[in-house]
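Peer 1: Below are the structure tokens for one structure; questions will follow.
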Amino acid sequence: MTASDTRSTTSWSDFVYPAWFESFRESGSTRFDHMNQIQNALQLLKGGYIGTFNVGWQQQTAEKHPSNLKHRGNVGTRRERSATPRDQWVTSLLQRRMVSNAQQFRQNLQTIRHRSAAA
């Protein structure tokens, strides 16, 4: 069962009350959400999620796995870079090395073009 409600032709998601953020609350001691489906503070239902901030905003899901990759952002965008965990960061090459690699690539490409033109 999903945590949503339909009345008339309008549907909306379940939402939490301030008590949901109070970790000292005991199970079932208060109403944690509007539809009364959550029994514990900070509990996420299946399909539920919450945004968390840890060196950038990230989304934590009830299933404990990354949310759909389309929400991660296109490669190189700020959203994609901030969603990448620190242990998966790749060290950038030094500027001189990048320029050297680019020059070598251009030379290789020119050699290939000359060979294909001669053939």
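Peer 1: Provide the per-residue ³J(HN,Hα) series for the range 103-119, in order, calculated from phi with Karplus coefficients 6.51, -1.76, 1.60 and θ = phi - 60°, each as a whole number of Hz, with x at glycine and proline positions.
Peer 2: Taking θ as phi minus 60°, the curve returns 5, 5, 4, 4, 5, 4, 5, 5, 4, 4, 5, 4, 5, 6, 6, 6, 7 Hz for the range 103-119.
Peer 1: Next question, about the same structure. Long-range amide H contacts for ASP33: which residues qualify at under 5 Å (H placed 1.01 Å from N, peptide plane, sequence gap of 5 or more or a different chain)?
Peer 2: TYR17, ILE38
Peer 1: Hey, can you rank 83-91, 16-24 by average C-beta count inside 10 Å, highest first?
Peer 2: 16-24, 83-91
Peer 1: Here is a follow-up. Provide the gained length on full extension for the span MET98 to ASN36, in nm with one decimal, where the gain is 0.36 nm per separating residue minus the Cα-Cα distance.
Peer 2: On the way: separation 62, 0.36 × 62 = 22.32 nm, distance 5.65 nm.
Contour length minus the Cα-Cα distance gives 16.7 nm.
Read-outs throughout are calculated quantities, based only on the coordinates presented, and are distinct from any laboratory measurement. The model shown is predicted, which means the values in this text are computed figures rather than measured ones. Reconstructed Cβ throughout: ideal geometry from the backbone, glycine too, with neighbour counts over all protein chains shown.
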